Every structure is written in structure tokens, then in C-alpha cells.
Amino acid sequence: DLVMMRRYAGIGLLIVGCAAALVHQARHLGLSVDETSHFAAAYAYWLGEGGLQPADAPPLTQAICGWVPRLLGAPRPRDTNGWKERDAYLIGAEILDRPNIRARRLLFYTRLPFLVFPLLIVFLLWHWGRQLFGEPVGLCLAACGALEPTIQGHGVLINSDVPAAFGALWFAYAAWRYWRTPNVGRLLIMTLAVVLAVLTKFTLLPLAIAGFGLALWKGPRLLGAIAIPLAVYTGILAASQFQAQPVPQVEIHQLSGAGVPDWALPGVRMLARLPWPLPFVRGLLFIGGSLQGDGFTGYMLGHKIRGWVPLYFPLAWAIKFPIPLQMLSMAGLAALFIRIRRREAGAADLLVWGSAAFFFGVAAISNSHIGFRHVLPALPFFILGGGFALARWSARRAARVAIALSLAWLAVSSLHVYPNGISYFNEWIGGPAQGWRYLADSNIDWGQNLPDLGVYLERNRIGRIKTFIFGFDNPYHYLKPGTMDPQTLPATDNPALARDYQPPPGTYAVSVNFLTGFLFPPGYEGYLSYFRRRPPDAHAGYSILIYDVR
């Protein structure tokens, strides 16, 4: 019993501390942009009023949190102005904008179910790590996961990115255990992991194919051939409340544009004859179309980007993944090459590094470049892969000292930006204050820092501030009435008079996404270049920069 208590004491304390930090962060951060859409979709799901646009909220995201606004008696989506267009962004923003339902309280409680996923990632890094490398290395890997800013920063949001990272990690772990001992019990656990992964993110559907192939290889083949497709299909139907029908021809015609290769189209068309939930099908088509088409407008190194930009995610990894974890990953790759040369590599090497390469590579070759969060499923594998290096070299005293110093560096770097892990950038570029010069969008500015702006105005006794604020959050949840003086933004239906804004004297709050100009119409990208040419006088969080113009 004493041995068991010591074994679980470290990971228990780590998870408790991580949970406390996540709860504070969930309460602190303002409403991020995509949360409005996922909130509305989840709430509508629990009311039986689905079919909102865009259809990018996966079933599990909707199922795990939509009960909260229903329990708290939030206004129904049908009663909003956004219902006419069935626009999830407008519906969610309108519901979370209303002061009479205490929108901040509603947002906080709806976020809480998502906190389980970063905690599960930390636990699974420890659990798998100690089985592969021993107890000390497993605890070290769990600490790395608990301190990784992107995992923890996005882990408190109503979104599918961190749940997908857990789904991918659990599938790989279940596949590893099944690979080592292919019996019925482990096949069923792997099947359950496949189903959960598919329901957390549309882009994880290939894991069903991977699990199916592994089952056919390892056996029992007949059970695997039946259990995995049937479980995935039943899980999709159950998560969609068994509302299904054959796929309409208009959706079938969109398959090739959503990334389905020509050789697979006949089989997919045959599957489309089965009853499927239309929201799930449309979600697949929406995500596939955004990955294969022109995607969304992004920003990199001072320029607006669109379409295929293969260097986007390597750059994001270089400047948003903590340097100690980069060194750990590189050491893990060195250990992998040694293991391959000595013929020591096995299933764990393949599943860990193969998963990291797959999730990172798929994002890199896609046409969607709006945030490092899109490679979140790869990050736990980069950390876990470093365990091979720790196991090989940690017996040396110099290595243990280097590990301790690296963990201390990671802790200081991560806690320095807390609770704004969304905006984390590493020391290669000077930290998060310099991040906007390289990347924007959900890498730094998702509209989450209005609470910090309210605190800044209160502390500095600023009575009125001119604003260029990005996002759907209601400023008057945090600012006194009359405090804000919103400035004109260039738009296609309301172009600004001048292409280079010349600010009159005053105090200005400028969101990074507007500062960079990539969201403005063509020709107006330099509209706020006056502010870009000078350093800010302060910042609220890291996504809102403050300027005193005299």
C-alpha cells in the first residue's frame, strides 16, 4: 500500500495542481471566437434543434457541454436574431452577450467539462510513459504535458482541439497494448478508443482505418473486421441521436472536393447509401473542403496567406513549442535513429513517432493555416517521443542535471505567460510580446483578452479608450459603460476613407488581428500601419496592445 501511495502521489499532486490552474484560466479568459459557434451547436444539440452552420462542431463536443446552458436556463437559439440564418457564430455570440443570464457564469460552467481532456493527456503521458520508460521518466513526461502552454491554453475552451489530442493519444496507447497482446479484450478497448477519437474531431476519421488494418493484421480478424466498422457507425449514429438518412446527391457530389481520392469514391458512394446523420456528413465535407480548398485567410511573417503554405506549421512549431520540449523532441529523434540502427525499435517507436509525423504532416500539407492548435494531436507524441532519450541517457549525472534545468526553464517560460497560454511564443523570437510579428489568429488573438483590458483601464484610471477590438465578446462585461470609443474598420461594404489611418491624440487598444491587417479587404492591409511602426506602451494579455498617442 505504501508503495502504491508513493507511486500515485506524484501524478496525483501534478493533476490537482494542473486542475486548479485550468479552473482559474477558464474563469479568467474572455470569450474566444470559435467558442460562440461550438456553444451554440452544443446547446442546439441538447434541444434537438441541430443543423446550424458552419457544421464543424463534432458530435462529442456538442454532447459533453450542451446540457449546461439548458440546465442554467439560457435563452434558446430559436429566440435569437441569428436563428434566421442558422448561423452558429451569431447565435452563440447573442446568447453569451446578454447580461440578464450572467453570461460570464454561463461561459465558465460550459467550459468546465472540457477541462477533463488536458488532465487526461497528462495522466496518459504518465501512465504510458512509466510503462515504456519507468516511473521517474513517466512523471517527467507528465510534467512536460502539464506545462505545455498550447495544450493547457486551449484546454479550457469550448472547442475540439484538445479533446482530439487526447483521442489520438488514447488510440495510440490502446493500439500499442493490442499490438503487444492481441486478444479480444484489448481489441474492444482499441475499438472504443477509435470511436471516441472519431467523435472528437472529423479529421481523426483515418484512425478508424488504422485500427481496422491493425485488427486484420493481428487478429482475431473476423471479430475485428466486424467490431470496428460497426462500433464506429453505431457511435456516430448514437452521438447524433439516431437521426439519420441516406446521403443526398448534393452532398455526394461534394466528396471529391472534400479530399476523397478518386480511387476511393466508389466505396464512399456505396457507404453513402446507408443512413447517416446529415450534420456529421456536412461536418466532414466542411472540414475536408477547408483543408483542400483555399482554406481561410491566414497571416505569416507580415503577409496575408491563403492556400498551400508548407512552411507555416514548421515555423509555428519553431516559435510556439517551448524550447526545452524542442530539445527533448530532438533528443528523442536521435534516440530513435540509434534504436533503428541497433534494431531495437518496435511498436512503441512506430506508434509514437508515426503518430507525431502523421498529425503534423497532414496539417502541413493542408490549406488551412489559422493556428498552431491544428497540430495539437501531434504535441503529446513529441513529448512522449522524448521519453526514449530520457530512458537512454538519464542514468548519467550530467543528463539528470540537464533534465532538471530544462524542466525549470519550461516551468518558468510557461508560468510567465499563464493564464494566456493561447498567446505563448518561445524565447527564439523574444516571447509572446513579439509573436504578432510572425503569426496571428488563434496563435495569439482569439478575442480572449477583454477581461485584461478591463483590469488595465481600472488600474490606470483611464476613463475612455479608442478601440479596434477583435472578437464576439461583450466589452461591457468587463468595462464600464461609456468607456469604449470603437473606431471605424475598413470593410467591403463600408470602406474607410483613407488606407492609412492617422490617429488623433488619445489612448488606443488595438487587437493583434486588426493590427496585422490580414482580415481587412485587399488594399487595406496597412490601415493600422501607424501602430505597427511603433512599440506599444502596454498590453492587455498579449492580444490587445495599448498605445498612447499624443
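The values are calculated or read from the model by the stated rules, or taken from the named source; none is laboratory data. A quick note: this is a predicted structure, and the numbers were derived from the prediction, not measured. Reconstructed Cβ throughout: ideal geometry from the backbone, glycine too, with neighbour counts over all protein chains shown. Just so you know, the surface numbers come from the protein's heavy atoms only, side chains and all, with ligands and any DNA or RNA stripped out. Shrake-Rupley method; radii C 1.70, N 1.55, O 1.52, S 1.80 Å.
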Spatial separation of Cα centroids for the range 1-70 and the range 212-227, in angstrom: 33 Å
Please give the peptides 17-30, 419-432 ranked by average Cβ packing (other Cβ atoms within 10 Å per residue), highest first, as a rough proxy for protection. 419-432, 17-30
Measure off 7 Å from each Cα along the Cα-to-Cβ vector at V401 and A272, then give the distance between these two points in nanometres to one decimal. 6.5 nm
Spin-label pair I189/A538, simplified geometry with 7 Å Cα→Cβ offset, distance in nm: 5.3 nm
Highest average packing first - 376-382, 532-538, Cβ atoms within 10 Å: 376-382, 532-538
Report the gain in length on full extension from L497 to R464: 0.36 nm times residue separation, minus Cα-Cα distance, nm rounded to one decimal. 9.5 nm
Starting from the Cα of A318, step 7 Å along the direction of its Cβ; do the same at R105; then give the gap between the two resulting points in nm. 4.9 nm
Place +1 on the Cβ of every Lys and Arg and -1 on the Cβ of every Asp and Glu in the range 1-108, take the dipole about the Cα centre, and give the residue among I95, M4, S32 whose Cα lies farthest towards its positive end. M4
Could you work out what % of the accessible surface of the range 193-327 is carbon and sulfur, using a 1.4 angstrom probe and leaving DNA, RNA and ligands out of the count? 70 percent
With every protein chain present, what is the per residue accessible area of the chain (1.4 Å probe, Å²)? 43 Å²
Quick one: which residues, 5 or more positions from A538 or on another chain, have an amide H under 5 Å from its amide H? H modelled 1.01 Å from N in the peptide plane, none for Pro or chain starts. I546
What list of ³J(HN,Hα) couplings, whole Hz, do you get for the range 6-14 from phi and the Karplus terms 6.51, -1.76, 1.60, once you set θ to phi - 60° and write x for glycine and proline? 5, 5, 8, 5, x, 5, x, 5, 5
Could you list which residues have their amide H under 5 Å from that of L439, counting only those 5 or more apart in sequence or on another chain, with H placed in the peptide plane? L301
Quick numbers on the chain, Rg and Dmax over C-alpha atoms in Å, give 23.9, 76
Under a straight-distance cross-link criterion of Cα-Cα below 19 Å, which aspartates and glutamates are reachable from K466, leaving out those fewer than 8 residues away in the same chain? D445, D452, E458, D485, D500, D537, D548
Quick one: the Cα spread of the range 452-550 along its three principal axes, in angstroms, biggest first? 38, 27, 22
Using a 10 Å cut-off on Cβ atoms, rank the peptides 359-370, 175-186, 53-64, 248-259 from the highest mean neighbour count down. 53-64, 359-370, 175-186, 248-259
Which FRET efficiency, nearest 0.05, do L265 and A225 yield, Cβ-Cβ r, R0 25 Å? 0.65
So for the range 273-338, what percent of the C-alpha to C-alpha distances run longer than 20 Å? 57 percent
Here is the link list: K201/K480; K84/K201; K320/K480. Which ones come out longer than 30 Å on Cα distance? K201/K480; K320/K480
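If you put +1 on each Lys and Arg Cβ and -1 on each Asp and Glu Cβ, how big is the dipole of the range 439-550 around its Cα centre, in Debye rounded to 20?
420 debye
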Between the range 494-550 and the range 312-345, how many Å separate their Cα centres? 38 Å
Please report, in debye to the nearest 20, how large the charge dipole of the chain is about its Cα centre when each Lys and Arg carries +1 at its beta carbon and each Asp and Glu carries -1 there. 1340 debye
Using modelled amide H (1.01 Å from N, peptide plane; none on Pro or chain starts), what sits under 5 Å from the amide H of D473, excluding residues fewer than 5 places away? none
Stretched out fully, how many nm does the piece from M4 to T297 gain, at 0.36 nm a residue minus the Cα gap? 100.3 nm
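What is the percent carbon and sulfur in the accessible area of the range 411-487, measuring with a 1.4 Å probe over the protein chains and ignoring ligands?
C and S fraction of accessible area: 53 percent.
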For the range 49-119, what class follows from the C-alpha gyration tensor (a ≥ b ≥ c being the square roots of its eigenvalues): rounded when a/c is under 1.5, otherwise prolate if a/b is larger than b/c, else oblate? oblate
Span from the the range 74-114 Cα centroid across to the the range 157-199 one, whole angstrom: 32 Å
